[in-house]
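Since the structure comes first, as structure tokens, the remarks are kept for the end.
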Amino acid sequence: MTSDQIWQPLVEELARRQRADRKAEFWLRDDDAVDPTPALDRLLDLTGEFAVPVTLAVIPALTDDKLVVRLDEAPHATVAIHGWAHRNHAPEDQKKQELGAHRPREAVLDDLARGLSHVTGLHGARAVPMLVPPWNRIDAGLVSDLGSIGFAALSVYGPPKPASLAVINSNVDIMDWHGTRGCRDHGLLVQAIIAQLQHAFDGGEPVGLLTHHLVHDESAWLFLERLFAVTAQTEACAWLPIRTLIGRSAGRGK
Ligand SMILES: [Zn+2]
């Protein structure tokens, strides 16, 4: 299949939106930022070129002023709190978790409060009080306490579960973690985006694209460039800032 053939179904889906006078909504979350790197430059340049707002999930314990200075040049970037140190506390035979039930809840909540305070202290108004748990996992019993330590939103992966704070999940992960460890097949990703758009059309969540700039191969960069180009071609698309989504969710009383 040629690249045009791969993307044609999305072009057609967006044309249908345009005719129905409905917006196709997207947002972008990129995980594991710590320092300025050539890969981060590439992400910020690419998103900047297409005016796509990006939410960087930053690892609090590992980051400092260097990232602040870099992001001062990237007004389209927002930062969220990616756990505390991205450290696994689960036993070897379990899925990796920093925020699981393996430690006393006070210890986990202290880490998270410290992470929020550290990132907000560094980034000021660029920081949003949204928790992005490392490996997209958090003990369900901790979620109701996130509001009391200052978080307004939580972002994991997949269909959102009801919670006492806004839940703004990612739902299309471009990386093939268990296979090639590169970008997933572009045709499959286009199908996943269309399925999520159809779910959104029926009252579901917008497309939450998940990326990891530090491990992108050329195929991942190419996919993003094509997606941004296709979505820029029509008035029917909007790439939303995370604050818009959190505000909307709060407006629903969640
Ligand atoms: Zn991560």
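The values are calculated or read from the model by the stated rules, or taken from the named source; none is laboratory data. Everything quoted here is computed from the prediction, not taken from an experiment. Counting neighbours? That spans all protein chains shown, and the Cβs are built from the backbone with ideal geometry, glycine included. To get the accessible areas, we keep the full protein, side chains included, count just its heavy atoms, and leave off ligands, DNA and RNA. Shrake-Rupley method; radii C 1.70, N 1.55, O 1.52, S 1.80 Å.
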Inset, instruction - On a 0 to 90° scale, report how tilted helix 3-20 is relative to the longest principal axis of the chain, with both axes built from alpha carbons and the result rounded to the nearest 10. - result: 90 degrees
Legend entry - Using alpha-carbon coordinates, inclination of helix 242-251 to the longest axis of the chain, degrees: 80 degrees
Legend entry - Unsatisfied cross-links (Cα-Cα over 30 Å) in the set 23/96; 96/161; 66/161; 23/161: 23/96; 66/161
Inset, instruction - May I ask you to list the GluC sites (Glu not before Pro) in segment 163-254 that are in a DSSP loop and have at most 15 other Cβ atoms within 10 Å of their Cβ? - result: 235
Inset, instruction - Would you grab the residues whose amide H sits under 5 Å from the one on residue 166? Only those 5+ places off in sequence or on another chain, please, with H modelled 1.01 Å from N. - result: 154
Legend entry - Low-density loop positions, GluC sites (Glu not before Pro), segment 1-78 - DSSP coil, at most 12 other Cβ in 10 Å: 73
Legend entry - CD proxy at 222 nm, helix term only [per DSSP H run n ≥ 4: -39500 (n - 2.57); per residue of the chain; nearest 500]: -12500 deg cm²/dmol
Inset, instruction - Order these peptides, 122-131, 180-189, by their mean beta-carbon neighbour count within 10 angstrom, highest first. - result: 122-131, 180-189
Legend entry - Acute angle (nearest 10 degrees) that the helix 38-49 long axis makes with the longest principal axis of the chain, alpha-carbon atoms: 50 degrees
Inset, instruction - Tell me which residues come under 5 Å, amide H to amide H, from residue 127 once H is placed; ignore anything under 5 positions away on its chain. - result: 79
Inset, instruction - Starting from the Cα-Cα distance between residue 85 and residue 8, subtract it from 0.36 nm times their residue separation and give me the gain in nm to one decimal. - result: 23.6 nm
Legend entry - Euclidean distance between Cα centres, segment 191-245 to segment 52-125, Å: 23 Å
Inset, instruction - Please report, as a whole percent, how much of the solvent-accessible surface of segment 46-133 comes from carbon and sulfur atoms (probe radius 1.4 Å). - result: 51 percent
Inset, instruction - Would you tally the net charge around residue 15, using a Cβ to Cβ cut-off of less than 15 Å, leaving residue 15 out, and scoring K and R as +1, D and E as -1? - result: 0
Inset, instruction - Using a 1.4 angstrom probe, figure out how much accessible area segment 3-249 has per residue, in square angstrom, rounded to the nearest whole. - result: 45 Å²
